[in-house]
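The values are calculated or read from the model by the stated rules, or taken from the named source; none is laboratory data. These numbers come from a predicted model, not from an experiment. Virtual Cβ from ideal backbone geometry, glycine too; neighbours counted across all protein chains shown.
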Amino acid sequence: MESTIAAIATSPGESGIGIIRISGEESLNILNKIFYPASKNLAPKDNHRQLIYGHIKDEFGHIIDEVLAVYFPAPKTYTAEDVVEIDCHGGIVPLSNTLSLVLRCGANLAEPGEFTKRAFLNGRLDLTQAEAVIDVINSKTNSSFDVAMEQLRGRFSKEINEIRKEITDVLVDIAVNIDYPDEDIELILYDKLEKELRSIKKKVDYLIDSSDTGRILREGLNVAIIGRPNVGKSSLMNAMLRESRAIVTEIPGTTRDTIEELINVRGIPVNLIDTAGIRSTDDVIEQIGIDKSKKSLESADLVIFMIDLTSEISTEDYDILNQVDKSKLLILFNKADKTARISEADIASFAREVHYMITSVNDSKSVDEIENAIFEKAGGNLLLGKESETDKLAGSQKSNIVTNARHKNMLERAATSLGEAINAASGGMPLEFLEIDIRNAYEELGFITGDSVQDDVIDEVFSRFCLGK
Ligand code: GDP
């Protein structure tokens with residue numbers, strides 16, 4: 001028998017209510033020992049799924065808190081076990097005293113993620129759905145939330161299972177031919193297998209490709225803003241924040257440290273990093289900021305490099321241009337509302353291999369265009385509903401987006417195995433060879449949903465949860 005576990009399910013700190021959650025066979029017994037309903041006719045054991053008003057009292061009859069309690073009998077519960085929830089006042093004293101009492105009555109303190117782990121082990125959620133629970137909790141924008149919610153509802157597992165079903169069909173074909181070989185149809189068979197495997201691999205590759213956008217949805221797109229002092233970095237950042245936390249000033253070099261903000265650009269979480277300039281300086285403090293700027297450039301997904309049109313392109317600008325990977329660079333020639341000192345020819349020659357825009361960040365239209373460019377860089381179009389191969393066939397509109405590094409890793413392994421099977425098919429290798437690679441791909445995809453399981457992976461997945469979930 002699994003032990004009964006308990007934890008505070010709400011976040012620490014003061015709030016209107018705080019919830020103690022208990023799961024396991026002893027849940028109701030424990031509640032009966034400590035909970036005194038205000039009305040004797042309303043015992044939780046007879047009133048399933050109903051909040052009942054009463055008091056929690058300790059072994060000596062002292063009132064610990066005034067609460068609402070509810071009993072959910074198995075199996076239609078979060079964990080698929082008997083579950084009890086107690087709504088206490090949301091303060092640390094009532095919550096920790098109630099929890100201690102529950103533990104004294106026989107429950108064990110739950111580990112992080114243990115409730116969800118039980119839901120998985122009891123077959124109520126598959127592994128991708130369990131992982132989606134954390135993503136729903138941690139999502140930073142509506143788009144991140146929507147993708148996590150789709151995964152929680154099982155859409156991603158459904159696609160994986162469909163791909164696995166196709167793999168099974170191929171394996172059946174192979175098995176029949178191993179058992180009843182027929183030389184005449186062998187050539188046609190290899191052709192057919194290769195075609196089917198390519199079509200399966202295409203779907204897997206498509207999911208892998210979506211993972212760049214997926215990572216961004218989970219962690220945010222890292223956007224560094226760089227440029228010499230006074231070009232308009234803080235102004236851009238402020239315009240995007242629609243508030244003035246970054247210091248906007250006319251004195252070069254005052255933005256000494258990097259300032260980082262999480263913002264929401266059309267549903268994409270964006271970590272916006274306003275860097276210090278990177279000019280040469282003797283000032284030790286400023287140098288620290290400059291070193292930090294260089295680091296942010298390395299870790300950025302997108303580097304917005306601003307140049308002041310009313311000034312000249314300097315050697316420092318060339319330094320920046322040469323230091324940043326051109327594929328992640330967006331140059332803004334800013335202050336277009338003023339008289340420019342940089343000619344169109346100079347712009348074209350400086351930015352010839354790079355995406356650039358002429359902007360005036362004081363103007364909201366310009367800021368809108370910059371936000372569009374950021375959205376595109378983050379693969380926003382994928383979010384807007386570009387169709388996946390499987391979805392096209394199924395007639396639905398939106399593609400699954402892979403947000404989880406573990407899933408991506410397994411998909412890549414499956415793609416490699418499928419690639420090897422395709423080579424074996426086109427090389428006319430014995431069917432047994434193909435079979436091994438195809439089986440590997442099948443198993444690797446199964447690791448995603450938890451269908452093929454490895455205990456260490458499961459422990460790792462659930463250790464990332466918060467307490468009480
Ligand atoms: P930073 O040092 O790069 O962060 O530059 P700031 O954002 O502090 O801007 C320096 C000065 O330029 C401020 O007075 C801003 O109001 C002004 N500024 C920034 N962008 C524009 C623009 O597009 N047009 C005009 N006319 N002024 C701007």
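For region 22-77, taking the residues that are of a type in the set (S, T, N, Q) and more than 20 Å from Ala7 (Cα to Cα), the one that is surrounded by the fewest Cβ atoms within 10 Å (Cβ to Cβ) is identified as Asn41. Out of all the residues in region 91-98, is one or more in contact with a Leu (Cβ under 7 Å, 6 or more places away or on another chain) and buried (at least 22 other Cβ atoms within 10 Å of the Cβ)? Within region 91-98 (the criterion being in contact with a Leu (Cβ under 7 Å, 6 or more places away or on another chain) and buried (at least 22 other Cβ atoms within 10 Å of the Cβ)), the answer is no, since none of the residues qualifies. Residue selection: His89 satisfies the criterion of being more than 25 Å from Ala119 (Cα to Cα) and in contact (Cβ under 8 Å) with a residue 60 or more places away in the chain. Of the strands (runs of 3 or more DSSP E) lying entirely inside region 271-381, the ones with 1 or more residues being more than 13 Å from the ligand (Cβ to nearest atom) and β-branched (Val, Ile, Thr) are found at 302-308, 329-334. Considered as a group, the residues in region 85-129 that are at positive phi and over 22 Å from the mean Cα position of the chain (by Cα) include one that is modelled with the highest pLDDT, and that residue is Gly106. Would you confirm whether or not region 9-21 contains a residue that is among the acidic types (Asp, Glu) and at pLDDT 95 or above? Within region 9-21, not a single residue is among the acidic types (Asp, Glu) and at pLDDT 95 or above.
Of all the listed residues (Lys40, Lys33, Lys45), the sole one being modelled with pLDDT under 95, over 22 Å from Phe115 (Cα atoms) and assigned by the TED database to the domain that holds Arg104 is Lys40.
Among the residues of region 219-235, those identified as within 7 Å of the ligand (Cβ to nearest atom) and either in a helix (DSSP H, G or I) or among the β-branched types (Val, Ile, Thr) (or both) are Val231, Lys233, Ser234, Ser235.
Residues are listed down the side, and each one gets a yes or a no for (1) part of a helix (DSSP H, G or I); (2) of a type in the set (Asp, Glu); (3) within 15 Å of Lys192 (Cα to Cα); (4) in the same structural domain as Ala175 (by the TED database):
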site	(1), (2), (3), (4)
Ala425	yes, no, yes, yes
Glu432	yes, yes, no, yes
Glu435	yes, yes, yes, yes
Tyr442	yes, no, no, yes
Leu445	yes, no, no, yes
Ile458	yes, no, no, no
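Suppose we filter Ala424, Ala373 for residues that are modelled with pLDDT of 80 or more and in contact with a strand residue (DSSP E or B) (Cβ under 8 Å, 6 or more places away or on another chain); which single one remains? Among Ala424, Ala373, only Ala373 is modelled with pLDDT of 80 or more and in contact with a strand residue (DSSP E or B) (Cβ under 8 Å, 6 or more places away or on another chain). Looking only at residues in region 130-177 that are polar (S, T, N, Q) and modelled with pLDDT of 90 or more, the one that is farthest from Asp82 (Cα to Cα) is Thr168.
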